[in-house]
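**Student:** Please find one structure pasted underneath; my questions will follow.
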Amino acid sequence: MATLHGAPLSPFVRKVIFALETKGIDFDINPITPVAIPEGFEKLSPLKKIPAFEDDLISTADSSVICEYLDQRYPENPIYPQDLVARAKVRWFEEYADTVLLSACGPIFFERFVKVHLMKQESDEQRIQNLIENDIPPVFDYLNEQLSDAGFIVGASLTTADFALGSNLINTMYAGHKIDSERWPKLVAYQQRLFATELFQRRLTSDKAMMAQ
Ligand SMILES: N[C@@H](CCC(=O)N[C@@H](CS)C(=O)NCC(=O)O)C(=O)O
């Protein structure tokens, strides 16, 4: 059986869970967190980052590498389009989510969730205010501009770009930050469409049960 190493609340780990579930692959989760990386983890993940993934063929790290591997090994229920241009767009939005969206929204999740619940420290509300006022608006402006009134970020089906974007939007919601629907209506509608899918519903329910513990 395949094993995914990493806590499911990490946006990168959740992205891979979405990929595994879309493809119906059985897997175990080893829920390690970056604040308590076990000794020897660098053998699985040389940068000591989560996620890492192992199955009967491979042991590798990095959510994008893992998603691409899964899509090539299990072509049914594709998570990247075949079309050349659409595929490049998916890669772009996946990268944008993993870097720019994460940098803008991730620290709010870190401050309000990781610091408070895992590290038992107070959140830095001044840092959060600065992110909300300065870092987040250009990112949400860009995404709002790129989105259509229907479908997902690239076309009518969920892709890895939606897993990466949606995973960050989930953590933004968990951090208590509500996206302004008057300023970014397409982004809020997209978030609602994503969260209404069976795939996202299942994850939100599973996260809720885990967070309640
Ligand atoms: N490019 C990597 C990024 C993974 C990543 O940054 N994971 C975070 C957790 S959300 C981590 O392990 N951080 C610990 C560190 O940077 O040392 C991927 O896509 O998997």
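The values are calculated or read from the model by the stated rules, or taken from the named source; none is laboratory data. Computed from a prediction, not measured in an experiment: that's the story for all the values here. Positions of Cβ are generated from backbone atoms using ideal geometry, with glycine treated the same way; all protein chains shown enter the neighbour counts. For the accessible areas, the whole protein counts, side chains as well, though only heavy atoms, and no ligand, DNA or RNA atoms are used. Shrake-Rupley method; radii C 1.70, N 1.55, O 1.52, S 1.80 Å.
**Student:** Can you tell me the dipole magnitude for segment 84-212 around its Cα centre, using point charges on the Cβ only (Lys, Arg +1; Asp, Glu -1), in Debye to the nearest 20?
**Tutor:** 440
**Student:** Express in whole angstrom the spacing between the alpha-carbon centres of segment 181-213 and segment 62-122.
**Tutor:** 15
**Student:** Which shape class, rounded, prolate or oblate, goes with segment 151-207 when its Cα gyration tensor gives a ≥ b ≥ c as root eigenvalues, a/c under 1.5 marks rounded, and past that a/b bigger than b/c marks prolate?
**Tutor:** oblate
**Student:** Ok, one more. Report the GluC sites (Glu not before Pro) located in segment 51-156 that are in a DSSP loop and have at most 12 other Cβ atoms inside 10 Å of their Cβ, or state none.
**Tutor:** E76, E122
**Student:** Given points 7 Å out from each Cα along the Cα-Cβ axis, report the Q192 to S148 separation in nanometres with one decimal.
**Tutor:** Output for this residue pair reads 1.9 nm.
**Student:** Evaluate the relative contact order of the chain (contact order divided by residue number), counting alpha-carbon pairs under 8 angstrom at least 6 apart; express in whole percent.
**Tutor:** 21
**Student:** With the crude spin-label approximation of a point 7 Å out along Cα→Cβ, what separation in nm comes out for K178 versus A156?
**Tutor:** 3.3
**Student:** Whole number please: convex hull volume per residue of the Cα set in segment 2-73, in Å³?
**Tutor:** 78
**Student:** Run the reach check for K43 against aspartates and glutamates, Cα to Cα strictly under 15 Å, same-chain hits fewer than 8 apart removed. What comes back?
**Tutor:** Counting by Cα, and skipping residues close in sequence, K43 has these aspartates and glutamates nearby: E54, D55, D62.
**Student:** What order do you get for 159-169, 203-213 when each peptide is scored by the mean count of other beta carbon atoms within 10 Å, highest first?
**Tutor:** So the order, starting with the most tightly packed, is 159-169, 203-213.
**Student:** Please compute the contact order of segment 2-73 in relative form: average sequence separation of alpha-carbon pairs under 8 Å and at least six residues apart, divided by the residue count, as a percent.
**Tutor:** That works out to 36 percent.
**Student:** Then there is this: Can you give me the distance in nm between label points at V116 and T33, each placed 7 Å from the Cα along the Cα-to-Cβ direction?
**Tutor:** A separation of 1.4 nm, rounded to one decimal place.
**Student:** Could you calculate the contour length gain from M210 to V85, that is, 0.36 nm times the residue separation minus the distance between their Cα atoms, to one decimal place in nm?
**Tutor:** The M210-V85 span can extend by a further 41.1 nm.
**Student:** For segment 51-207, just run the numbers: alpha carbon Rg, then divide by 2.2 N^0.38 Å, N being how many residues it has.
**Tutor:** After normalising by residue count via 2.2 N^0.38 Å, the value is 1.09.
**Student:** Then there is this: Given the options F110, Y96, S157, identify the residue whose Cα lies farthest towards the positive end of the charge dipole of the chain (+1 on Cβ of Lys, Arg; -1 on Cβ of Asp, Glu).
**Tutor:** F110
**Student:** Which shape class, rounded, prolate or oblate, goes with segment 21-127 when its Cα gyration tensor gives a ≥ b ≥ c as root eigenvalues, a/c under 1.5 marks rounded, and past that a/b bigger than b/c marks prolate?
**Tutor:** The shape class here is oblate.
**Student:** Work out, step by step, the length gained on full extension between L57 and Q201: first 0.36 nm times the residue separation, then minus their alpha carbon distance; give nm to one decimal.
**Tutor:** Stretched fully, the L57-Q201 segment lengthens by 48.8 nm.
**Student:** Same structure again: Keeping all protein chains in place, calculate the accessible area per residue for the chain (probe 1.4 angstrom), answer in Å².
**Tutor:** For the chain, the solvent-accessible area averages 51 Å² per residue.
**Student:** Would you mind putting 26-35, 44-53 in packing order, based on average other-beta-carbon counts within 10 Å, highest first?
**Tutor:** Answer by packing, highest mean first, reads 44-53, 26-35.
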